[in-house]
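Worksheet: one structure, shown below.
The values are calculated or read from the model by the stated rules, or taken from the named source; none is laboratory data. The shown structure was predicted, so the numbers you read here are calculated from the model rather than taken from an experiment. Here Cβ is always computed from backbone atoms with ideal geometry, including for glycine, and neighbour counts include all displayed protein chains.
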Amino acid sequence: MKGFLIGHADDQVAKTGCTVLLCPEGAIAGVDVRGGAPGTRETALLDPRMTVECVHGVLLSGGSAFGLDAASGVMQYLEEQGIGFDTGVAKVPIVPAAVLFDLAVGQAAIRPTAKMGYHACVNAEDGIPLRGNIGAGTGATVGKEKGMHLAMKSGFGFSIFERDDFFVAAGIAVNSFGEIFSETGERIAGVQISENQTPDQKPFLGSNTTIGFILTNAIVTKSQANKLASVGHNGYARSIRPCHTPYDGDTLFCLSTAKIPFDFYSLCKVTEQVVASAVIDAVEQAESIPGFPAARGKG
């Protein structure tokens, strides 16, 4: 995935963390924010009507709104590398961000900080990233329709489609209100139901949110990058049921190095599939923690 680096940093005791995507040479970017409770930063810049064409990184973080602080560490790292939008007096790194709510899983008083965001940049590498209980997926859970006490563990998932020099990839931290289903309709992870458990708790606003990024080297405009981010939400809807609820703040970024010509309709089809697969990968790679069993531990 030339042009992109992905890194994680987390606190496995506090059960929170962040994931950073770096684009040292810049990338055309778009975004689509859905659901009723998003937590984001710098997304307005990605509107096709805005001046800035490229971003230099994207942050996915736990910690709810507190986690947006980690983006400052990403900016510091990029500034030290001389990367950013040249204003004539300083280079300003453009780093959009989105957060998910994981405060109910570990230690609510500990959240991703600027220091953690910086360390995620130091850890950033080319190639397939680590998945599961890591980075922004450290405290992620799914299936909260009957209350947090009946949720299951999720994490950070990744999927990639490659053909010759062309690629589309997606990295998703899945922290949904809804349950996760396979392409054949099989329920993979969601609400825990047993004779000894009573679904007596109600969900609360902002306690969920699935966030992620789509990566490609296909030649696209800023407007098309925004469209791809929108199409990616179809991938969410294929794997997450229900999706885009008032209790979610689902956000998807799309970034492209714009190197390879590729039919846009075909690109949309591949993007939807890759996002759906990354969502499934997030729950399949997750490992159980106290109170939150994972899909791989069932049976």
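Quick one: R163 ticks every box in (1) without any contact (Cβ under 8 Å) to a residue 60 or more places away in the chain; (2) surrounded by fewer than 24 Cβ atoms within 10 Å (Cβ to Cβ); (3) under 23 Å from L228 (Cβ atoms); (4) touching a Ser or Thr at 6+ places or on another chain (Cβ under 7 Å) except a single one, so which number is it?
Going through (1) without any contact (Cβ under 8 Å) to a residue 60 or more places away in the chain; (2) surrounded by fewer than 24 Cβ atoms within 10 Å (Cβ to Cβ); (3) under 23 Å from L228 (Cβ atoms); (4) touching a Ser or Thr at 6+ places or on another chain (Cβ under 7 Å) one by one, R163 breaks only (4).
What number of residues in the range 203-259 are surrounded by fewer than 24 Cβ atoms within 10 Å (Cβ to Cβ) and either of a type in the set (D, E, K, R) or over 25 Å from L45 (Cβ atoms) (or both)?
15
Residue pairs, Cβ under 6 Å, 6 or more apart or interchain, first in the range 273-299 and at pLDDT below 95, second in a helix (DSSP H, G or I) and crowded, with 22+ Cβ neighbours inside 10 Å. List them.
That search, which allows pairs on different chains as well, returns A295/V283.
For the range 236-270, give me each residue that is charged (D, E, K, R) and either under 16 Å from the mean Cα position of the chain (by Cα) or within 16 Å of L215 (Cβ to Cβ) (or both).
Here is the first cut: in the range 236-270, the residues charged (D, E, K, R) are 238, 241, 248, 250, 259, 263, 269.
Across the range 236-270, the qualifying residues are D248, D250, K259.
Specify the residue that is farthest from L103 (Cα to Cα); the eligible residues are those in the range 151-167 that are of a type in the set (A, V, I, L, M, F, W, C) and within 15 Å of the chain's Cα centre (by Cα).
The qualifying residue farthest from L103 (Cα to Cα) is I160.
Where residues in the range 33-66 are over 24 Å from A124 (Cβ atoms) and of a type in the set (D, E, K, R), which of them is modelled with the lowest pLDDT?
The residue in question is R34.
Starting from the range 219-241, keep only residues that are of a type in the set (K, R), then list their pairs with residues that are part of a helix (DSSP H, G or I) whose Cβ atoms are within a distance under 7 Å, requiring at least 6 positions of separation or different chains.
Note: pairs meeting the criteria are R238/A276.
Among the numbered criteria (1) surrounded by fewer than 18 Cβ atoms within 10 Å (Cβ to Cβ); (2) touching a residue at least 12 places away in the same chain (Cβ under 8 Å), which one does R49 miss?
(2)
Among the residues of the range 129-171, write down those that are assigned to a strand (DSSP E or B) and either closer than 20 Å to R241 by Cα or charged (D, E, K, R) (or both).
T141, V142, M152, K153, F156, G157, F158, S159, E162, R163, A170, G171
Scan A9, A120, A97, A29 and give me the residue that is modelled with pLDDT of 95 or more, touching a Lys or Arg at 6+ places or on another chain (Cβ under 7 Å) and either of a type outside the set (A, V, I, L, M) or crowded, with 24+ Cβ neighbours inside 10 Å (or both).
A97
Which count do you get for residues in the range 134-154 that are surrounded by 24 or more Cβ atoms within 10 Å (Cβ to Cβ), touching an Asp or Glu at 6+ places or on another chain (Cβ under 8 Å) and not aliphatic (A, V, I, L, M)?
6
Is the range 56-76 home to any residue that is buried (at least 24 other Cβ atoms within 10 Å of the Cβ), assigned to a strand (DSSP E or B) and of a type in the set (V, I, T)?
The answer is yes, given that some residue of the range 56-76 is buried (at least 24 other Cβ atoms within 10 Å of the Cβ), assigned to a strand (DSSP E or B) and of a type in the set (V, I, T).
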